[in-house]
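Step one of this worksheet: look at the structure below.
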Amino acid sequence: MYSIAIDGPSGSGKSTLAKSLSKKLGYLYIDTGAMYRTIGLFAYRNGIDPSDGEEMSKHFDEIDIDIEWKDGAQHMFLCGEDVTDFIRTPEISMYASAVSAIPSVREFLLDKQRDFAKHHNVIMDGRDIGTVILPNADVKIFLRAGHADRAKRRYDELIARGEDVTYEKVLRDMEQRDHNDSTRALAPCVPAADAVILDNTGFEPEETLGKALEIIDGKIGILQEKK
Ligand code: DC
């Protein structure tokens, strides 16, 4: 089994890259951010303070999370309901970032995430895939891009989804989430020591894909020679 870890902050192009790689290589794509978003949605709907770890932990029995793939797209289920369309709003993004700093929430998702890589060739994206979830991943790519590029990508995505947002609000939220996600004590969003940093500022998606394929080819090619 091969595993490819793609980490990086929001708007760095992880999911666009991971989806293209998944098509190209036929590996299963797992978006781990969607899992945190689903837990964030649970907190939001149930009026739970998303930064209250003790309160969140009381509800794990009720949080039944499932993933299904339909036409290649990952769908998230919360207690049997397909919530895929509800987890991408700016509000749920902030809830996801808050719940993801709770150690018991990360623990709750850890085995689920690792299990996928035991049974499939995977491309998994998130913040801690190369450092915590799959420390032995065959390829680790850490994506970076300038603030303005990242906020613009995120803004375009939200507008395309019909959200009523301004670029300034998207930029502010992004900086807040960056701060939360990279300074938290557990599994902060930092590159693994053996990750290849890919800065795609100013790149079109195809250029990022091309660079990533070069990296993957190099790494997996080396591994194949060793085996
Ligand atoms: O990638 P995303 O924007 O959908 O992720 C939503 C939030 O979940 C993000 O603010 C940080 C958190 N997250 C995380 O802590 N670890 C991961 N592996 C993936 C996401």
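A short reminder: the numbers here are calculations on the coordinates, not readings from a lab. All values derive from a computational prediction rather than experimental measurement. All Cβ positions, glycine included, derive from the backbone under ideal geometry; neighbour counts span all protein chains shown.
For the reader, a short list of remarks on this structure follows.
- Among Ala101, Ala151, Ala73: highest mean-square fluctuation, GNM of the chain, C-alpha pairs under 10 Å: Ala73
- Our summary gives the stretch 24-110 a relative contact order of 38 percent, counting only alpha carbon pairs under 8 angstrom and 6 or more residues apart.
- Residue pairs exceeding 24 angstrom between C-alpha atoms, taken from Lys118/Lys211; Lys118/Lys140; Lys24/Lys152; Lys118/Lys152; Lys58/Lys112; Lys70/Lys118: Lys118/Lys211; Lys24/Lys152; Lys118/Lys152.
- Fewest-first sequence of Asp82, Asp115 by Cβ atoms within 10 Å of each Cβ: Asp115, Asp82
- Share, in percent, of DSSP beta bridges within the chain that are antiparallel, nearest 5: 30
- For the stretch 1-85: rounded, prolate or oblate by the Cα gyration tensor [a/c cutoff 1.5]: prolate
- With 0.36 nm allotted per residue and the present C-alpha distance subtracted, the Glu55-Asp115 stretch has 18.9 nm of extension available.
- Whole-number D in µm² s⁻¹ for the stretch 125-227, Kirkwood Cα-pair radius fed into Stokes-Einstein, 20 °C, 1.002 mPa s: 138
- Result for the chain in a Gaussian network model with C-alpha springs under 10 Å: among Gly53, Gly40, Gly130, the largest mean-square fluctuation is at Gly53.
- Simple spin-label estimate for Leu25 and His179 in nanometres, 7 Å along Cα-Cβ: 3.5
- Using the rule -39500 (n - 2.57) for each DSSP H run of four or more residues, divided by the residues of the chain, the 222 nm mean residue ellipticity is -15500 deg cm²/dmol.
- Ellipsoid equivalent to the chain - semi-axes via the Cα gyration tensor, in Å: 27, 21, 17
- Max mean-square fluctuation residue, GNM over the chain, Cα-Cα springs under 10 Å, options Ser100, Ser12, Ser22: Ser22
- Amide H contacts under 5 Å for Tyr29: Ile123, restricted to partners 5 or more places along the chain or on a different chain, H placed in the peptide plane at 1.01 Å from N.
- Here the contact order of the chain, divided by its residue count and restricted to Cα pairs under 8 Å and six or more residues apart, works out to 32 percent.
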